[in-house]
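The values are calculated or read from the model by the stated rules, or taken from the named source; none is laboratory data. Quantities reported herein were computed from a predicted structural model and do not represent experimental measurements. Heads up, the Cβs are rebuilt from the backbone with ideal geometry, glycines too, and the neighbour counts pull from every protein chain shown. Just so you know, the surface numbers come from the protein's heavy atoms only, side chains and all, with ligands and any DNA or RNA stripped out. Shrake-Rupley method; radii C 1.70, N 1.55, O 1.52, S 1.80 Å.
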Amino acid sequence: TMNGGSSNGLGNGAPPRRSLSGTRLTISRNNSRSSSFASANGGLSHSHHGPSNNNNGGGGYRASQSMNSINELASADASSSEDQPTRSSRETKGGLPPIRWIQNRLDWRGSDHMPQFCHAHGLGRVATLALILGAVLAVHALIFLQLHLHSRGCITISILDGRHPPLTPERIQLVYQWVLYVVALTAFHTLEFFTTAIYNPAVTSADSFVINQSMAYTTAALVSWIEFWIRFVFFPFVNNVPVSFIGLIFLTSGQIVRALAMITCGESFNHLIQQTKKDNHVLITHGIYKYFRHPSYVGFYYWSSGTQLLLGNPICAVCYSLASWYFFKRRIPFEEGTLLKYFPDEYPAYVASTWSGLPFIWSDIVTAQGDGGTTPRGSNSANHQEVSFSADGFADKKIS
């Protein structure tokens with residue numbers, strides 16, 4: 001599954017949700033309130049009314065929003081939870097040992113003995129992540145404010161007066177870029193959680209911060225930090241302020257587009273993919289989806305590329321852009337093949353009136369000969385609904 005937003009509404013069959021004590025939750029299957037099935041991290045959104053349930057990590061089906069369902073979600077079935085492994089109990093495989101160790105910490109491995117931390121729905125885990133993100137964001141925002149006031153002559157910071165060899169004007173500029181980057185990064189993960197919590201509270205969990213997206217996402221972040229600090233120490237003159245400003249525009253625009261996609265989806269938003277389509281699912285083509293078929297992909301693509309332009313990382317800027325583009329280039333045809341199968345009459349017209357939003361990625365849907373229907377180009381079968389992907393924008397796709 002993709003831990004960055006569902007794009008084609010496919011699910012993943014993850015373990016059931018657990019209560020705050022780490023035991024399996026009871027899910028109500030009688031939902032009188034409408035819930036949704038949709039594309040959150042790109043793709044199209046689809047909504048439906050009717051029975052729903054919920055699975056682990058905030059993905060899959062929606063639990064009932066009624067008070068009865070909330071009460072049921074709060075009840076624990078300890079006797080039936082022993083055979084359901086939590087994410088924290090599964091060790092990350094592959095990768096370099098230091099990165100694997102970091103990923104295991106992000107996945108909270110080893111926290112099985114702590115009820116409030118052993119599962120993504122534990123309040124301890126949510127509170128800890130919120131505290132760390134908020135503290136890091138606040139510290140860097142304060143540093144940026146002090147730098148700005150110093151540059152305006154409102155305050156004086158002696159270490160920034162240019163007479164201290166380690167902090168040359170070039171390095172001071174890089175410090176500006178770093179603190180803006182950290183503010184943008186922490187704001188992104190914080191907004192992922194709060195937007196989900198506000199517009200789709202039934203699926204909100206600690207995983208909604210998407211901090212532990214994947215080994216690939218963690219590796220990419222670490223590599224970009226290494227490149228930046230190598231430049232800071234040895235090559236501070238390798239920097240381009242106008243390009244960094246363009247990067248700031250890119251990431252801000254990407255954040256806005258992604259947030260609009262999540263808000264437009266509302267209860268349809270999911271960080272995990274769903275696998276079932278109800279008879280009364282409909283395409284959501286309003287709001288930002290009126291212009292982009294994959295707005296959350298668009299938002300993430302330009303946000304991730306913009307972060308590296310802001311840092312002034314020439315190598316990672318190219319690698320991030322190419323890796324994200326290649327991932328979406330492979331993912332979108334399968335996703336649109338699934339949507340075409342689900343909506344053979346509506347989807348081709350929608351494709352014809354919209355743009356994917358990503359450069360040089362066009363739809364593969366063409367008119368088929370014979371029965372007058374449509375099919376994805378290069379496809380021998382329309383049976384593409386069982387497709388699962390990993391982390392948002394970086395991991396490889398897996399096809400079952």
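A few remarks follow.
- Considering only residues in region 143-190 that are open to solvent by 70 Å² or more (accessible area, probe 1.4 Å) and not in a helix (DSSP H, G or I), the one that is nearest to Ser224 (Cα to Cα) turns out to be Pro166.
- Reported count of residues in region 112-129, each being in a helix (DSSP H, G or I), in contact (Cβ under 8 Å) with a residue 40 or more places away in the chain and either among the charged types (D, E, K, R) or surrounded by 16 or more Cβ atoms within 10 Å (Cβ to Cβ) (or both), is 3.
- Pairs, first farther than 16 Å from Thr186 by Cβ in region 197-209, second open to solvent by less than 20 Å² (accessible area, probe 1.4 Å) and of a type in the set (Val, Ile, Thr), C-beta under 6 Å, six or more apart: Thr204/Thr196
- Any hit, region 352-372, residues being modelled with pLDDT of 80 or more and part of a helix (DSSP H, G or I): yes
- Subset of region 249-288 [more than 19 Å from Ile198 (Cβ to Cβ), open to solvent by less than 20 Å² (accessible area, probe 1.4 Å) and modelled with pLDDT of 80 or more]: Leu251, Gly254
- Exactly one residue out of Arg105, Arg109 is surrounded by fewer than 19 Cβ atoms within 10 Å (Cβ to Cβ), at pLDDT 90 or above and not in a helix (DSSP H, G or I), and it is Arg109.
- Qualifying residue in region 306-329 (condition: crowded, with 18+ Cβ neighbours inside 10 Å and outside any helix (DSSP H, G or I)): yes
- Test: His140 is under 23 Å from the mean Cα position of the chain (by Cα), surrounded by 16 or more Cβ atoms within 10 Å (Cβ to Cβ) and within 20 Å of Gln173 (Cα to Cα): yes
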